[in-house]
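Enquirer: Structure in structure tokens, see below.
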Amino acid sequence: MHTEDVPRRHDETPSAIATGSPVKILLIGEQPVFQEGLKTLFEREVGFTVVGVVGERDETVKAIRDLEPDILLVSLTGRLLAAMLQTLHVLTLSGNRARTILLAPAAPRAQIAAWQQLGVAGILLKETSAQAIFDGVRSVAAGGSWLGQPRREDLRDGAARRGRGGARTSGLTPRETEIVEAVRRGATNRHIATELGITLDNVKHHIANIFSKVGVVTRLQLAMFAMNGGRPGEPIVEERNAS
């Protein structure tokens, strides 16, 4: 990739959520019918605007440079996905601030780790509900992360494991446990500080301690840890038949 191809945005640019502006979404995929369906879905929801629909690498780079989207919603698979994520990772390292959400058919442990390394900030399964997609995009646009919704029985099992004081969670203080739950929901540090009535520096200090205690290095890993009841690395499973 040539330097002149790389779009740049300043780090101090506030998020769309912070400014109250609609979240600008660039759809990146290879299935026109599916992409048009996503476009229609977002156009019917207040707070979003789809600035483009692309599929190829070159047109994606140009669209990011020209349109400055807040969110890159990627629905590719296989080698096309791997190549696109590499390209988007290079753009991020070069200064672009658009955040990547992957819309995937499944999210096994090994893939999640690889996607995280390439800067994916959110993962949604293709069978997820429209509301979960909206919530996930809003969370990532505000600077948080999103790992979808586990099945209800997984939440119950996770709560039971936490109640038994598993080895991986027994070292967390009550305050740290509250913060882990907030991260699982996709809350930003600022939102956590407001919710718990503590300073932003305190939140950062707690999160650093939590990372050390549970053995993770990113917020996505911490959210996955929380969603699996204190066990990192399990696949994400979407709830399909919520009543």
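Enquirer: Return the sequence-ordered ³J(HN,Hα) values of the range 202-212 in whole Hz as given by the Karplus equation 6.51 cos²θ - 1.76 cosθ + 1.60 applied to θ = phi - 60°, using x for Gly and Pro.
Expert: Result, rounded to whole Hz: 5, 4, 4, 5, 4, 5, 4, 5, 5, 3, 5.
Enquirer: Something else: State the dimensionless ratio Rg/Rh of the range 3-141 (Rg: radius of gyration of Cα atoms; Rh: Kirkwood radius).
Expert: Ratio of gyration radius to Kirkwood radius for the range 3-141: 0.92.
Enquirer: Let me make sure I get this right: for the range 184-226, a, b and c are the square roots of the gyration tensor eigenvalues over alpha carbons, sorted descending. Under 1.5 in a/c it's rounded, otherwise prolate if a/b > b/c, else oblate. Which is it? Mind showing how you got there, number by number?
Expert: Details: a/c = 2.68, a/b = 1.48, b/c = 1.81.
Oblate, since a/c reaches 1.5 and b/c is not below a/b.
Enquirer: Continuing with the same structure: May I ask you to list the trypsin sites (Lys or Arg not before Pro) in the range 35-102 that are in a DSSP loop and have at most 10 other Cβ atoms within 10 Å of their Cβ?
Expert: Those that pass, being in a loop and sparsely packed, are Arg44.
Enquirer: Multiply the residue separation of Leu196 and Asp58 by 0.36 nm, subtract the distance between their alpha-carbon atoms, and state the gained length in nm to one decimal.
Expert: Using 0.36 nm per residue and subtracting the Cα-Cα distance, I get 45.2 nm.
Enquirer: Let me make sure I get this right: for the range 61-102, a, b and c are the square roots of the gyration tensor eigenvalues over alpha carbons, sorted descending. Under 1.5 in a/c it's rounded, otherwise prolate if a/b > b/c, else oblate. Which is it?
Expert: Note, shape of the range 61-102 comes out prolate.
Enquirer: Of the cross-linked pairs Lys62/Lys204; Lys24/Lys126; Lys126/Lys204, which ones have a Cα-Cα span greater than 27 Å in the structure shown?
Expert: Checking Cα-Cα distances, Lys62/Lys204; Lys126/Lys204 exceed 27 Å.
Enquirer: Compute the signed sum of charges (Lys and Arg +1, Asp and Glu -1) over the other residues within less than 9 Å, Cβ to Cβ, of Val23.
Expert: +1
Enquirer: Can you sort Asp70, Asp135 so the residue with the fewest Cβ neighbours within 10 Å comes first?
Expert: Sorted ascending by nearby Cβ count, the order is Asp135, Asp70.
Enquirer: Continuing with the same structure: Going by amide H atoms built from the backbone, whose H comes under 5 Å of the H on Ile123, apart from near neighbours?
Expert: Answer set, sorted by chain and number: Leu102, Trp146, Leu147, Gly148.
Quick note: the coordinates plus some simple rules give every number you see, no bench work behind them. Keep in mind it's a predicted model, so treat the numbers as computed, not measured. Every residue, glycine among them, receives a Cβ derived from its backbone with ideal geometry; neighbour counts consider all protein chains shown.
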